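The values are calculated or read from the model by the stated rules, or taken from the named source; none is laboratory data. In this text, all values refer to a predicted model and were calculated from it rather than measured experimentally. Here the Cβ positions follow ideal geometry from the backbone for every residue, glycine too, while neighbour counts run over all protein chains shown.
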Amino acid sequence: LGWLTLSAGGKVIPLFGVEVPALVGPDKALADQVKELHETLATVGYFLVGLHAAAALLHHYVFRDNTLVRMLPGRR
């Protein structure tokens with residue numbers, strides 16, 4: 001989505017010193033829509049990561065089961 005946003009915005013996309021070709025031609029409206037979608041999906045992703053961490057801590061400190069301990073490497 002970031003690549004598509006930059007492409008629609010008419011910006012150059014450098015990748016390790018090489019310019020990546022644009023996916024679409026310049027289109028301000030498309031760039032705005034894709035940027036909004038990108039930001040929304042990022043916000044949802046951050047929320048899910050936080051919810052997952054909170055659930056792990058809930059299991060560890062409130063339920064006092066071994067869920068969090070079992071997730072740690074080398075704890076068999």
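Annotations
- Just one of (1) surrounded by 11 or more Cβ atoms within 10 Å (Cβ to Cβ); (2) at pLDDT 95 or above fails for Val18. It is (1).
- Residue within the range 53-63 that is without any contact (Cβ under 8 Å) to a residue 12 or more places away in the chain, surrounded by 10 or more Cβ atoms within 10 Å (Cβ to Cβ), over 11 Å from Leu4 (Cα atoms) and among the hydroxyl-bearing types (Ser, Thr, Tyr) present: no
- Restricted to the range 21-52, and to residues there that are without any contact (Cβ under 8 Å) to a residue 24 or more places away in the chain, small (Gly, Ala, Ser) and surrounded by 10 or more Cβ atoms within 10 Å (Cβ to Cβ), the residue that is nearest to Thr67 (Cα to Cα) is Gly50.
- With respect to the conditions (1) more than 29 Å from Gly9 (Cα to Cα); (2) part of a helix (DSSP H, G or I); (3) of a type in the set (D, E, K, R), Asp65 falls short on a single one, namely (2).
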